[in-house]
Structures are given as C-alpha cells and as structure tokens.
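The block underneath contains the structure these notes are about, expressed in structure tokens.
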Amino acid sequence: MALIGCPECAKQISSLAVACPHCGYPIHVAPSGTRLSPTPLLRNCPDCGASGKVPATCSACQGTGLDGHARCVYCNGSGRDAFDYTCDTCDGCGQLTFDAFDQLQRERKEQERRRAEAKKKNAEEAKKSANEAEKQRHERLAQEAVRAEAERIKMLDEERRRRSFTTTLKARSQQGACLVCGEKIRIFQGSFPVKMTDGSFTAAIHERCSVTSNEVMTFLKTYAKMLTNADMTGEQGRTRSR
C-alpha cells in the first residue's frame, strides 16, 4: 500500500481507498489486482462538512459570545450552545452517497430556481399593480379635470344667461312693459310687481304671464321675488322716507 495525493483536497490518502476520507472524492483508479470494497462512493455532507453535527447558535447571546459587555456564561463566549444538533441532511453520518449528493444538489438548484421565479413573478405583479394604480390615478384626475371644466363652462354660461336676461328685463322695466311678454302694462290692468333679489330694479308682469313656463318665467322664479301689495306699500314708504 502506498500513499497518494487526493486530486480534490491534495491530502495524503491510501492508494487502496475507494474515496478520500477527508473530502469524499472518489478514487477511480486503484492499483492493479486490488480488490475494491463494495461500499458505495461517498461525498462529504454539504451542510455539516462531514462532521455529522450542525453548530447551533447560542440562545443566550445569539451567537455574539457576549452577554452585554461581559463574556456569555452560557456558551463561555463561543457563541454556540453546549451541544450541537445532529445534521438532518446526512442523519449524522457526515457523508452522502454520490447519488444522494447529486439528488440533493439538483433539488436545491430547483428550489433556488423556483424561488427566483417566484421573486421575479412577485416583482412583475407588484410593478403591474403599481402601473395599474398609476393609470387609475391619471384617469381619475382626468375625469375630475373634465368635470371641473364642465362645471366652469356651465357657470360661465349661467352667468352670461343671467346678465343677458337682466339686461333685457331691465329694459322692459324702464319701458313699463311686462317682463315676460314685453307688452305695455296699463294702470289697474291685471298685473303684480316683481323685484329682483339683488335689488337691481322692480318691475311688473301680467297675471296671465305668471302661469307660463317659458325661460323668462323660470329665470324670474330663480332671481326675482313676487311682491304683494303690502310689500309694495313698504317699498313706497321706504322710498318716500329717503
């Protein structure tokens, strides 16, 4: 028997060894006439490094070795518990067969690939949700802008319409005509006074015109007050007092 160097870790091993006892590398070439052991080829466990034990973090100092500013009395500053846990990957034997080692590597690569895909998918979904939320926000802002513009235009139209009606009605009032139909109102003819709510002028309309439903009457119902005789007496009294 002779000592040879392991191609994997370069440590000295027996030339009759089926695998390196240090790193588990298989020795495929054996001396001529040597009878090989039927023991399957082994690889060192990737989780415990052939020790069969997995170091556990100290529960008192959380692996720092310090309890406050002093050395941890539980682990004596080592950062590990007083005992190690048996490696679940190799069941404490420290090594795996080549088939089991390869299978473990394939499974972990597959798990890593799935985690990467899940992470990528989650990132894409988060980006999609953010884009959708941003799109909805822009749409909402656009709708609000359209509503605000429509309201502004409506208010401008209403203001122009009010000014136009006010100008027309004021001209009819100065002419002594009915605000609705524009005909001259004679004394004691069936009519009653109307005063604009802003106090701009006081005029009259025919009783027959007060039951119509045209635009002028609609405008007067909004911006004018139908006065009674008592109201007119009060108005005349206030006028004389001035």
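Less than 5 angstrom separates the built amide H of K53 from those of C87, all sequence-distant by 5 or more or on a different chain. Scaling against 2.2 N^0.38 Å puts the C-alpha radius of gyration of the stretch 105-189 at 2.85. The alpha-carbon positions of the stretch 149-197 define a convex hull whose volume is 83 Å³ per residue. Note on surface exposure: L169, L42 rank L42, L169 by accessible area, highest first, 1.4 Å probe.
Counting only residues at least eight positions apart within a chain, or on another chain, the lysines with an alpha carbon under 29 Å from that of K127 are K109, K119, K135.
One equal scatterer on each Cα of the stretch 131-176, no solvent, Debye formula: the resulting log10 I(q)/I(0) at q = 0.27 Å⁻¹ is -0.87.
Other residues within the sphere of radius under 13 Å centred on the Cβ of A116, judged by their own Cβ, net out at +4 (K and R +1, D and E -1). Per residue, the stretch 43-139 exposes 75 Å² of solvent-accessible protein surface, assessed with a 1.4 angstrom probe and all protein chains in place. Along each principal axis, taking the top coordinate minus the bottom one, the Cα set of the stretch 87-126 gives 45, 18, 7 Å in descending order.
Computed with a 1.4 Å probe on the full set of protein chains, the accessible area for R137 sits at about 90 Å².
The values are calculated or read from the model by the stated rules, or taken from the named source; none is laboratory data. Nothing here was measured: the structure is a model prediction, and the numbers come from that model. Reconstructed Cβ throughout: ideal geometry from the backbone, glycine too, with neighbour counts over all protein chains shown. Protein only, heavy atoms only, side chains kept; ligands, DNA and RNA dropped before computing areas. Shrake-Rupley method; radii C 1.70, N 1.55, O 1.52, S 1.80 Å.
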